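> Got a structure for you, written out below as structure tokens; questions coming shortly.
The values are calculated or read from the model by the stated rules, or taken from the named source; none is laboratory data. Computed from a predicted structure; not experimentally measured. Ideal geometry is used to build each Cβ from the backbone, glycine not excepted, and the neighbour counts take in all protein chains shown.
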Amino acid sequence: MASGDRTELLRRLEVPTLVIHGLADRMCDVSGGRAVAEAIPGARARLIEGMGHNLPPGLRDELAERIAAFVLRPEPQNHQPLTSYAPVHCGLRLDRNASTPSLKSALM
């Protein structure tokens, strides 16, 4: 299912972004995840071995830790503080003050 090239829109994003992509994803090639991360200024990419196009139970703790570390990291001095993040695709909305346990339960 193609949705068109969003590169120019992604280049305009000015929010901290973590792109998580499974290396075993058969629906969306990993090159797409890399391209998204490259298009968003300052984005970080985390490619997860053994993850496909889902959130497998065996990787939920690792994913929760990676997301929590990203969300709770210190803000760069040149950015306005953000109070929430909206991950694309999984529909979770994370408060910056959320604890890792609640984040883990959201992923389960």
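> Here are some residues: Glu75, Glu8. Which one is modelled with pLDDT under 90, more than 13 Å from the chain's Cα centre (by Cα) and among the charged types (D, E, K, R)? Before the answer, list the steps.
Numbers: Glu8 fails: modelled with pLDDT under 90.
Going through Glu75, Glu8 in turn, the sole match is Glu75.
> Out of the residues in segment 52-72 that are loosely packed, with under 13 Cβ neighbours inside 10 Å and under 24 Å from Thr7 (Cα atoms), which is modelled with the highest pLDDT?
Here the answer is His53.
> For segment 43-57, give me each residue that is of a type outside the set (Gly, Ala, Ser) and either under 23 Å from Leu9 (Cβ atoms) or in a strand (DSSP E or B) (or both).
First, the residues of segment 43-57 that are of a type outside the set (Gly, Ala, Ser): 44, 46-49, 51, 53-57.
Residues satisfying the conditions are Arg44, Arg46, Leu47, Ile48, His53.
> Scan segment 1-51 residue by residue and report those that are touching a residue at least 40 places away in the same chain (Cβ under 8 Å) and surrounded by fewer than 17 Cβ atoms within 10 Å (Cβ to Cβ). If you could, list the steps in order and put the result at the bottom.
Narrowing segment 1-51 to residues touching a residue at least 40 places away in the same chain (Cβ under 8 Å): 15-16, 18, 20.
Answer for segment 1-51, where residues must be touching a residue at least 40 places away in the same chain (Cβ under 8 Å) and surrounded by fewer than 17 Cβ atoms within 10 Å (Cβ to Cβ): just Val15.
> What is the residue count in segment 2-42 for residues that are touching a Gly at 6+ places or on another chain (Cβ under 7 Å) and in a strand (DSSP E or B)?
Matching residues across segment 2-42 total 3.
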